[in-house]
Amino acid sequence: MVVPSKTYVSRSDGWSFGLSDVFDCQVRRYLDAGESFHWQDLLMLTEMALAGFVSEIYLARVLPSLGLVSNSSAPIAAMTSRPLVFFMAPVSYLFMYAMVCGSIHYIYTRKYPEEGQKLSIQNKPMTDLEMRRAIVFSVKSILSVSAASSYAFYAIQGWTNLHWGMPSWKDIPCFLLAYILVDISAYVVHRMLHRPWWYRYVHKAHHLWKNPNAFVVSALHPAEFLSLTVPTLSVISALPMSLFSAMLLLSWIFTCNAIDHSGLRLDEQPFLAWLVWQAPVEFHDNHHKFFHANYGAMVDWWDRLGGTFYSPKEHGNIGLSEDEFRSARVLRMTR
């Protein structure tokens, strides 16, 4: 498949600007050999503004019109302001990123390196440069989460369907439903990001790491990060469960994704082996290795249904590559 060309807006002075340039990961220098901070990073304000607008419409108009407002505010509602939540959103996310990814990295590369080598899928540890690149890029992406901070503000004020209180058994159906709907939305968004245009200009940056570790989990183009975050928060804020259950679910989703990017067969460890419904870590590792397959975030069900599931052990070499955008099912049929 041919990647579509850029759409240009011409000016009378002869200078032209490609609309694709606003999102182009190459223009933003995300593909540079040594990742660092540049003025081009300010271009992420584009998708932040769009995500903020969509979030506000959904929270202020859609949820109330559907009657999905609990009016159950948190005790800290009176002292919570939008600027505070805007600031605290990336701070809390960075803390979670450092704790979860840092713990996985420390345990299996510093404290028990032999166990890490034994569990390694590709046996190709990331270099220090690749590690720094992943962390710096992740920080850039995480800073954009402020654009979705309205979800936290509205939830604290009791203006979503989430309610204040400790988790209860009544939360379980909503927790499971959210788990399924969030994973479906992640599959749809991720599969869209592997269309030629989206892959070239947005998602390609995440695939710089062919043998990822946990720190790569948030190394996403901000447009991609927000495309995944906004649907996730939209689903959760519409369901009648406690705020604590929602926070637990978000932490669970992040931890699962960090494990999936670890490059380690942690799913075979006793503390995770009981999660039989979760896709094995090798499932997503194959996604980074073979590109256009295995789009699911936590389970492989949608890939099996959608014809995008691929296992080299099961299917052999079917010709998947970065430039081959046909689905795994089509490639299997044309072998």
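Residues being hydrophobic (A, V, I, L, M, F, W, C), in contact with a helix residue (DSSP H, G or I) (Cβ under 6 Å, 6 or more places away or on another chain) and open to solvent by 60 Å² or more (accessible area, probe 1.4 Å): count how many of those fall in segment 75-91. Selection size over segment 75-91: 1. Summed over segment 58-74, residues that are part of a helix (DSSP H, G or I) and surrounded by 11 or more Cβ atoms within 10 Å (Cβ to Cβ) total 6. When we screen SER321, SER262 for residues that are of a type in the set (Ser, Thr, Tyr) and open to solvent by 30 Å² or more (accessible area, probe 1.4 Å), the only hit is SER321.
Restricting attention to segment 175-198, and to residues there that are in contact (Cβ under 8 Å) with a residue 12 or more places away in the chain and more than 15 Å from the chain's Cα centre (by Cα), which single residue is surrounded by the most Cβ atoms within 10 Å (Cβ to Cβ)? Among them, the one singled out is ALA178.
When MET126 is tested against (1) of a type outside the set (Gly, Ala, Ser); (2) more than 21 Å from ILE236 (Cα to Cα); (3) open to solvent by less than 80 Å² (accessible area, probe 1.4 Å); (4) in a helix (DSSP H, G or I), exactly one condition is not met: (4). Residues that are among the polar types (S, T, N, Q) and closer than 20 Å to HIS105 by Cβ: does segment 220-239 have at least one? Checked against the condition, which is being among the polar types (S, T, N, Q) and closer than 20 Å to HIS105 by Cβ, segment 220-239 yields no hits at all.
Taking segment 220-256 as the range and being part of a loop (DSSP other than H, G, I, E, B), open to solvent by less than 30 Å² (accessible area, probe 1.4 Å) and not small (Gly, Ala, Ser) as the test, the residues that pass are LEU220, HIS221, LEU239, MET241. For segment 98-112, filtered to residues that are more than 24 Å from ASN286 (Cβ to Cβ) and either basic (Lys, Arg) or assigned to a helix (DSSP H, G or I) (or both), the residue that is most open to solvent (accessible area, probe 1.4 Å) is ARG110.
Applying the criterion of being hydrophobic (A, V, I, L, M, F, W, C), modelled with pLDDT under 85 and open to solvent by 50 Å² or more (accessible area, probe 1.4 Å) to the residues of segment 1-38, the residue that is farthest from ARG326 (Cα to Cα) is TRP15. Looking across segment 257-315 at every residue that is assigned to a loop (DSSP other than H, G, I, E, B) and touching a Pro at 6+ places or on another chain (Cβ under 6 Å), the one that is nearest to THR127 (Cα to Cα) is identified as GLY263. Can you confirm whether ILE172 is open to solvent by 10 Å² or more (accessible area, probe 1.4 Å), outside any loop (DSSP other than H, G, I, E, B) and without any contact (Cβ under 8 Å) to a residue 40 or more places away in the chain? Judged against the criteria, ILE172 is a match. In a residue-by-residue description of segment 268-281, the property of being among the acidic types (Asp, Glu) and buried (at least 18 other Cβ atoms within 10 Å of the Cβ) applies to no position.
The values are calculated or read from the model by the stated rules, or taken from the named source; none is laboratory data. For clarity, every value in this text was computed on a predicted model and none was experimentally measured. Note: ideal-geometry Cβ built from the backbone for every residue, glycine included; neighbour counts use all protein chains shown. Remember, those area values only see protein heavy atoms, side chains included, never the ligands or the DNA or RNA. Shrake-Rupley method; radii C 1.70, N 1.55, O 1.52, S 1.80 Å.
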